[in-house]
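Asker: So that we are looking at the same thing, I have put the structure below in structure tokens.
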Amino acid sequence: MKHYTSINDIDDINSWIEEAKKLKATPLKNIDLGQYKTLGLLFFNSSLRTRLSTQKAALNLGMNPIVMNVSGDAWGIEFEDGTVMNGTTAEHIKEAAAVVSQYCDVIAVRAFPGLTDKEKDESEHVIKSFVKYASVPIVSMESATEHPLQGFTDALTIAENATKKRPKVVLSWAPHIKALPHAVANSFTQAMQKMDVEFVIANPEGYNLSKEITKDTKIYHNQKEAFKDADFVYTKNWSSYDEYGQVLKTDSDWLITKEKIGEAKFMHCLPVRRNVVVEDAVLDSDASLVIEQANNRTFAAQLVLKKILEDL
Ligand code: CP
């Protein structure tokens, strides 16, 4: 594999899941594969899980990870072509990506959307510029519209916890105080569409994800109806897509509660705001898979890096 920037880069999700399970059972089996290879992790935005689990995955493969908080510590990077750079940016992506490619065998990038300009966010100009101007493979650690390491992690977690052949999985919107990206919900949707599950989405009116992502997935605007017979409730907030980046609703009637989810397992990518998105009683119960999910981030990243290293 050359780059991993989308769930669409997964050729066969079931074989990936089986391979990730094997890596999880023997994480150091391929410790020689990445020897003398460097993974550069470039963060334009904050992270706890992605930052640490991707480093851990690299270490499990014998790689040397190096990390930079680009927004705080590097020169401001210009992504537009032909710009007179007399403003806040001091270095063009053409030079930045070429230079970092000399230090790293693989580059991983996190860059969130601005959520003010839909067209610009959907152009994925940051991750695509790295793919264009770097000479080494690029891994997305969450881009403007996708979080493919999280999406594969979630598929692995569902496969490990399913107690029936074709479980019912509900992606439910929940309230939040801030405008959040669509990336996690998009990649989760794409991952579920590749799996043998009954997958539906629940969100209030005005919060439908892009039709390009949801395709023919059933969308409910009634949470109770959507949760009927659910085996997994995956919760995430996202801002409005139609009224791009807007927060249309903050009241608690879509809060995830123990009563609402019944016997279903609860999933969330974390970080999560307790008692805004989901009540304590869910997170503190045996129904919650969130810690296990976060653990699987390492093995999802490790499989992606292994596949890239094998093709270097
Ligand atoms: N789920 C996730 O990507 O977590 P971080 O933002 O902490 O990396």
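Asker: Using helices alone, what [θ] at 222 nm do you get for the chain, with -39,500 (n - 2.57) per DSSP H run of 4 or more residues, divided over all residues and rounded to the nearest 500?
Answerer: On the way: 13 runs with 118 residues, N = 312.
It lands at -10500 deg cm²/dmol.
Asker: Sticking with this one: What is the Cα convex hull volume of region 149-293 when expressed per residue in Å³?
Answerer: Taking the convex hull of the Cα positions in region 149-293, it is 99 Å³ per residue.
Asker: For a quick check of your reading of the filter: which chymotrypsin sites (Phe, Trp or Tyr not before Pro) in region 29-79 sit in a DSSP loop and have no more than 15 other Cβ atoms within 10 Å?
Answerer: Taking region 29-79 and a limit of 15 other Cβ atoms within 10 Å, the loop chymotrypsin sites (Phe, Trp or Tyr not before Pro) found are Y36, W75.
Asker: Kindly rank 173-180, 205-212 from highest to lowest mean number of other beta carbons found within 10 Å of each residue.
Answerer: The most tightly packed comes first, giving 173-180, 205-212.
Asker: For K224, K2, what's the fewest-to-most ordering of other Cβ within 10 Å of each Cβ?
Answerer: If I rank by nearby Cβ atoms, fewest first, I get K224, K2.
Asker: Of F227, F130, how do they rank once you tally other Cβ atoms within 10 Å and put the fewest first?
Answerer: In increasing order of surrounding Cβ atoms, one gets F227, F130.
Asker: With only Lys, Arg, Asp and Glu charged, each at its Cβ (+1 for the first two, -1 for the last two), find how big the charge dipole of region 149-293 is about the Cα centre; round to the nearest 20 debye. Walk me through the intermediate numbers first.
Answerer: Working: 18 positive and 21 negative charges, 44 e Å.
That gives a dipole near 220 debye.
Asker: To the nearest 0.05, what FRET efficiency results for D284 and K2 with a Förster distance of 35 Å applied to their C-beta separation?
Answerer: Calculated value: 0.25.
Asker: In a GNM of the chain with a 10 Å cut-off on Cα contacts, which of K164, K258, K94 has the highest mean-square fluctuation?
Answerer: Highest fluctuation of the listed residues: K164.
Any read-out appearing in this document is the output of simple, stated calculations on the displayed coordinates, not a laboratory observation. The model shown is predicted, which means the values in this text are computed figures rather than measured ones. Here Cβ is always computed from backbone atoms with ideal geometry, including for glycine, and neighbour counts include all displayed protein chains.
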